[in-house]
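The values are calculated or read from the model by the stated rules, or taken from the named source; none is laboratory data. All figures in this text were calculated on a predicted structure; none of them were measured in a lab. Note: ideal-geometry Cβ built from the backbone for every residue, glycine included; neighbour counts use all protein chains shown. For the accessible areas, the whole protein counts, side chains as well, though only heavy atoms, and no ligand, DNA or RNA atoms are used. Shrake-Rupley method; radii C 1.70, N 1.55, O 1.52, S 1.80 Å.
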Amino acid sequence: MFDALKNLGNIGEMMKQARQLQDKMKTVQENLARQQISADAGAGMVEATVNGKLELVKIKIDKSKIDVNDTEMLEDLITAAVHAAQVKAAGMVRHEMEKAAGEMGIPPGMLP
């Protein structure tokens, strides 16, 4: 019983570390939100750019490579480019969060 009480003395240090972790993760998320990742579909016909929050920030369509009358294909290319950019950005986010967690001494896989 007394052994369990000894750990209560460390609660202040644990709270301090938790606050530091929160601050570090917030900083990482803010930095990621400013980063932009692009991906294309249809051999460059459509390029989508998303930020670190996985929000779409830009679409670029190469008019010289598409048939403006084939809207179905254009819709599919836009969807594919956006999805590819979001997947790339999610991978970057996961990598940066794992890196930050490692710097804080958190074992891999402990963050969602």
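Annotations
- Close pairs (7 angstrom Cβ cut-off, 6 or more residues apart or separate chains): on the phi > 0 side of the Ramachandran plot in region 38-54, surrounded by 19 or more Cβ atoms within 10 Å (Cβ to Cβ) and outside any strand (DSSP E or B) anywhere: G42/L77; L54/A89
- Any hit, region 15-29, residues being open to solvent by less than 70 Å² (accessible area, probe 1.4 Å), at pLDDT below 95 and of a type in the set (K, R): yes
- Test: residue in region 65-78 that is aliphatic (A, V, I, L, M), within 15 Å of Q29 (Cα to Cα) and in contact with a helix residue (DSSP H, G or I) (Cβ under 8 Å, 6 or more places away or on another chain): no
- Spans of strands (runs of 3 or more DSSP E) in region 30-112 with at least 2 residues of a type in the set (A, V, I, L, M) and surrounded by fewer than 17 Cβ atoms within 10 Å (Cβ to Cβ): 56-61
- Within region 53-112, the residues that satisfy the criterion of being of a type in the set (D, E, K, R) and more than 30 Å from K16 (Cβ to Cβ) are E55, K58, K60, D62, K63, K65, D67, D70, E72, E75, D76, K88.
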